[in-house]
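The values are calculated or read from the model by the stated rules, or taken from the named source; none is laboratory data. Every value quoted in this text rests on a predicted model; they were computed, and no experiment measured them. Please note: Cβ atoms are built from the backbone with ideal geometry, for glycine as well, and neighbour counts cover all protein chains shown.
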Amino acid sequence: MSLLTTLSEVDTKQLKRAFKSNKAYLYFDISVFNVGASISIKCTDTFKQPSNRTWNGYDFIIENDDTTKYYIEKELNNRSIYKKVK
């Protein structure tokens, strides 16, 4: 799953919160079930690598920098409910 695919699956409310966050990192908590997936974004200032014992193969953490904000803004602008981020 790429960042763009992941962002397209996250609900609008969480994307707005992540876009406006001043925290240094975004942790994508992804749970996959038989009928779909659940993705939540946790904004944090602490970089913590997922444990090898408990990592599910999907979760990841990225810097909340200008590039990440660009892709979040691009995804928000593509949605019909939210045409302009700023």
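Computed quantities for the displayed model
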quantity: Evaluation of I30 against (1) under 12 Å from E75 (Cβ atoms); (2) crowded, with 16+ Cβ neighbours inside 10 Å; (3) among the hydrophobic types (A, V, I, L, M, F, W, C) (one fails), failing number; calculated: (1)
quantity: Residues within the range 34-75 that are within 14 Å of L3 (Cα to Cα) and part of a helix (DSSP H, G or I), tallied; calculated: 9
quantity: Residues (over 14 Å from Y58 (Cα atoms) and modelled with pLDDT under 95) located in the range 17-37; calculated: N34, V35
quantity: Any hit, the range 16-33, residues being touching a residue at least 12 places away in the same chain (Cβ under 8 Å), touching a Leu at 6+ places or on another chain (Cβ under 9 Å), not aromatic (F, W, Y) and not in a loop (DSSP other than H, G, I, E, B); calculated: yes
quantity: S21 being under 14 Å from I72 (Cβ atoms), within 10 Å of the chain's Cα centre (by Cα) and of a type in the set (S, T, N, Q); calculated: no
quantity: Long-range neighbours under 8 Å by Cβ, at least six apart or interchain, first residue free of Cβ contacts under 8 Å to residues at least 12 places away in the same chain within the range 36-57, second assigned to a strand (DSSP E or B) and of a type in the set (S, T, Y); calculated: S38/S31
quantity: Which numbered condition D65 fails, given (1) over 13 Å from the mean Cα position of the chain (by Cα); (2) surrounded by fewer than 12 Cβ atoms within 10 Å (Cβ to Cβ); (3) not small (G, A, S); calculated: (1)
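Conditions (1) closer than 18 Å to K69 by Cβ; (2) surrounded by 10 or more Cβ atoms within 10 Å (Cβ to Cβ), marked per residue:
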| site | (1), (2) |
| --- | --- |
| L3 | yes, yes |
| A18 | yes, yes |
| N22 | yes, no |
| L26 | yes, yes |
| G36 | no, no |
| C43 | yes, yes |
| T46 | no, no |
| D59 | no, yes |
